[in-house]
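Read through the structure below, which is laid out as structure tokens, and then see the notes.
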Amino acid sequence: MARLRLFAHTAGVLTAAATLIAAVLTSPASACSCVPGDTEPQRYQRANHVFSGTVVASETEANDPSTVGDDRYRYRVEVDVEYKGDVPPMVDVLTSVHGSTCGTTLAVGTEYLVFAFGDSSDARVDTHLCSGTRHASGGPPTSQGPTGSSTTPTCSTPTP
């Protein structure tokens with residue numbers, strides 16, 4: 001009887017330990033997922049603003065510390081050419097700091113073709129990994145082609 005009680009106790013301790021280890025080492029999964037086969041004309045069609053410009057400054061905008069994933073990069077961009085929409089000559093381009101929530105990284109001193117969203121009246125627009133923002137060395141945006149009227153989001157992140 002004592003042997004059975006010892007076995008049950010040991011099994012209980014091992015089960016509890018395994019559960020705790022699994023809980024500590026496992027975190028909620030999230031990943032950025034762009035629409036496969038999305039073309040530049042489709043991204044151009046969906047964007048509120050398309051412009052080329054040079055990143056002149058970068059900073060991290062920390063938000064609510066109790067909320068995971070809401071910090072953003074703020075890139076100050078000097079606008080060279082507007083292709084679509086209306087942005088001021090100097091605009092802040094915001095994106096998540098986390099690639100898993102479709103954030104993208106831009107380099108200071110580099111010229112980009114930015115596909116952005118939102119109201120630019122406050123000199124701030126948003127972009128993300130799937131929006132189409134790319135180095136400007138690839139040339140002007142391709143705005144012609146099979147654009148369609150897709151309402152499929154270009155970026156999705158699963159909720160934990």
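Some observations on this one:
- Applying both filters, DSSP loop and at most 13 other Cβ atoms within 10 Å, to the trypsin sites (Lys or Arg not before Pro) of segment 76-130 eliminates every site.
- Rolled with a 1.4 Å probe across the full set of protein chains, the surface gives residue 111 an accessible area near 80 Å².
- Heavy-atom accessible area order for 92, 71, largest first, 1.4 Å probe: 71, 92
- Placed amide H near residue 98: partners under 5 Å, 5+ positions off or other chain: 103
- Charged neighbours of residue 55, selected by a Cβ distance under 14 Å, balance to -2 (K, R count +1; D, E count -1).
- Residue-normalised accessible area of segment 71-125, expressed per residue, 1.4 Å probe, Å²: 45
- Accessible area of residue 73 in the full protein assembly, 1.4 Å probe (Å², nearest 10): 60
- With the convex hull drawn around the C-alpha atoms of segment 39-115, the volume per residue stands at 98 Å³.
- Surface share of carbon and sulfur [accessible, 1.4 angstrom probe, percent] for segment 49-141: 51
The values are calculated or read from the model by the stated rules, or taken from the named source; none is laboratory data. Source: prediction; values computed, not measured. Note that each Cβ is placed from the backbone with ideal geometry, even for glycine, and that neighbours are counted across all protein chains shown. Side chains are part of the model used for accessible areas, which takes the heavy atoms of the whole protein and leaves out ligands, DNA and RNA. Shrake-Rupley method; radii C 1.70, N 1.55, O 1.52, S 1.80 Å.
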